[in-house]
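The values are calculated or read from the model by the stated rules, or taken from the named source; none is laboratory data. What you are looking at is a predicted structure, and each value in this text was computed from that prediction instead of being measured. Here the Cβ positions follow ideal geometry from the backbone for every residue, glycine too, while neighbour counts run over all protein chains shown.
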């Protein structure tokens, strides 16, 4: 802690705080404290602090909006996955042979099921 005390003593030794010590709450509220010699030296620092504060707030707002977008997109992806799974299950159900035959018979298309297995024809002229 001694190094901190040395720095604080060095700052106190270089600056004249007498005009700030005589300031009242009224001077702070009406802005006259900014006309004091100490604050006039520190205008650059005060502006930099104000800019950094603005950037900090802006960055936080931007991050919160990005997080909200990310959550919304995750919900949309999950909904799309569920919809895809539902459609896939419905397609599997519809395309089963028993369901196809039931639909053919219920619509009266007059189609009959082939009872002989398909025959594979081999092409002897095709190059292997």
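When the helices (runs of 4 or more DSSP H) confined to the range 16-95 are screened for residues that are under 17 Å from the mean Cα position of the chain (by Cα) and surrounded by 10 or more Cβ atoms within 10 Å (Cβ to Cβ), those reaching at least 3 such residues are found at 43-94.
In the set (1) out of contact with any helix residue (DSSP H, G or I) (no Cβ under 8 Å at 6 or more places or on another chain); (2) at pLDDT below 95, residue 83 fails one condition alone, (2).
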